[in-house]
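Please read the structure below before turning to the comments.
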Amino acid sequence: MNDQRRNKKLKTEVKKIMVFRPTWSEFQNFSRYVEFMESQGAHRAGIAKVIPPPEWIPRKSSYYDDDIMNMVIPAPICQDVQGKQGIYRQLNIQKKPITVAQYKKLADSPEYMTPDYFDFAELERKYWKNILYKSPIYGADVSGSITDKDVEVWNINKLGTILDYVNEDYGIKIDGVNTAYLYFGMWKTSFSWHTEDMDLYSINYVHEGSPKTWYAIPPEFGRKFERMASGLFSSDFSICPAFLRHKMSIISPQWLTTHSIPFDKITQEKGEFIITFPYGYHAGFNHGFNMAESTNFALPRWVEYGKRAQLCCCQKDNVTINMDTFVRRLQPEKYELWCNGNDHGYHPEDPNHSCVTTYSR
């Protein structure tokens, strides 16, 4: 292949993360707008940014009032990163409970504060250069919401998507999956490479504070990424083929480039949403103290992903969702086959290999 053809091929592979600015009218129906984003090809990059219209106000009172500052982070984690040359394992060491006010004071202290930087590119270089030093503390996975309850559109705690069938039909609430989680970050706190539980969609909103940097791999290159990661973390892979669901593997962008895995990156600032799409691998880090809110959701396009998602079987707290209600409601022609364990098929992003569903009914 000559250089011109190679460059043309590379350009077709790189899917840029799209940014959307809906009007107030377009913002009224959450599911419909995400489907519109997909009609524009947003899902091909793995994630997309949404900047809400100015009329949308998620919280009227201060983010630094007593309601939030006195909130307890029950299980903050110290993120101990080990490894070298762009390949790292992140160990999460649970710390004692702390209030948000105490956490903010810690995040803003000289020991943990963001270093001086000229632009986001310089801060990104400092992140990768210093990832092994001074383990940060992340106030992650805190059940709750800081969005006003009377917010009717794009309220992360009540998005009104088909994922609600899990609660409606089974009476099951899964923290952070079909309920909201809060995340209180500081400089260098990270989220490792992963797809969402059951390969669901997710939504993340930065309410207040410093930005987040996100890296994303197009879903169509997810299998290639997994093959690379299984070689880099061969011992983890030998124990659990779905080891990336443990959210412990950090791989630098340079390794993706070396292995010809397309990716893009974007900075999410205060007041902006990030949507992640089914089977879109993503990772990233926080620039400094911030408050974010997140949950999962589902649209009909996800059902086939959920049926074929590769699950971790070595951790007791692994999230599984009974797909029966989704098949019955949205794929009625396949329901009998599904119930009998005969609905075999391909993973939507794995068209060349037969993939029997890994979900155990």
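The accessible-area ordering, largest first, of the residues Glu152, Glu196, Glu220 stands as Glu152, Glu220, Glu196, per a 1.4 angstrom probe.
Taking the Cβ of Asn286 as the center, what net charge do the other residues with Cβ under 11 Å away carry, scoring Lys and Arg +1 and Asp and Glu -1? Spell out each step's value before the answer.
Numbers: positive: Lys188, Lys212; negative: none.
It works out to a net charge of +2.
In the context of the full set of protein chains, the range 248-296 has a per residue accessible area of 24 Å² (1.4 Å probe). Solvent exposure of the range 98-231, expressed per residue, is 41 Å² of accessible area, with all protein chains present and a 1.4 angstrom probe.
Computing FRET efficiency as 1/(1 + (r/R0)^6) for Arg21 and Arg223, where r is the C-beta to C-beta distance and R0 is 41 Å, gives about 0.80. Counting only protein heavy atoms and a 1.4 Å probe, tell me what percentage of the chain's accessible area is made up of carbon and sulfur. Carbon and sulfur atoms account for 50 percent of the accessible area of the chain. For the chain, what log10 I(q)/I(0) values come out of the Debye formula at q = 0.07 1/Å, with one point per alpha carbon and no solvent? Debye curve over Cα of the chain, log10 I(q)/I(0) at q = 0.07 Å⁻¹: -0.30.
The local environment of Ala216, defined by Cβ-Cβ distances under 11 Å, has a net charge of +4 under the rule Lys, Arg +1 and Asp, Glu -1. Rolled with a 1.4 Å probe across the full set of protein chains, the surface gives Lys95 an accessible area near 90 Å².
With a 1.4 Å probe rolled over the protein heavy atoms of all chains, the accessible area of Asp164, Asp236, Asp141 falls in the order Asp141, Asp164, Asp236, largest first.
Between amide H atoms placed 1.01 Å from N, distances below 5 Å from Met18 occur with Lys49, all of them 5 or more places distant or on a separate chain.
About the Cα centre of the chain, how large is the charge dipole given +1 on each Lys and Arg Cβ and -1 on each Asp and Glu Cβ? Please answer in debye to the nearest 20.
Working: 43 positive and 43 negative charges, 255 e Å.
Dipole about the Cα centre, nearest 20: 1220 debye.
Separation of the range 121-178 and the range 39-113, taken as the distance between their Cα centroids, equals 9 angstrom. Other residues within the sphere of radius under 14 Å centred on the Cβ of Asp119, judged by their own Cβ, net out at -1 (K and R +1, D and E -1). Amide H to amide H distances under 5 Å link Trp193 with Ser249, Ile251, where only residues 5 or more positions off or on other chains count and H is placed in the peptide plane. From the square roots a ≥ b ≥ c of the eigenvalues of the alpha-carbon gyration tensor of the range 54-142, which class results: rounded (a/c under 1.5), prolate (a/b over b/c), or oblate? The shape class here is oblate. Among Asp150, Asp67, Asp169, the sequence by solvent-accessible area, most first, with a 1.4 Å probe is Asp67, Asp150, Asp169.
The values are calculated or read from the model by the stated rules, or taken from the named source; none is laboratory data. Remember, predicted model here, so these are calculated numbers, not experimental data. Here the Cβ is made from the backbone with ideal geometry for all residues, glycine too, and neighbour counts use every protein chain on show. Areas reflect the complete protein model, heavy atoms only, side chains present, ligands, DNA and RNA absent. Shrake-Rupley method; radii C 1.70, N 1.55, O 1.52, S 1.80 Å.
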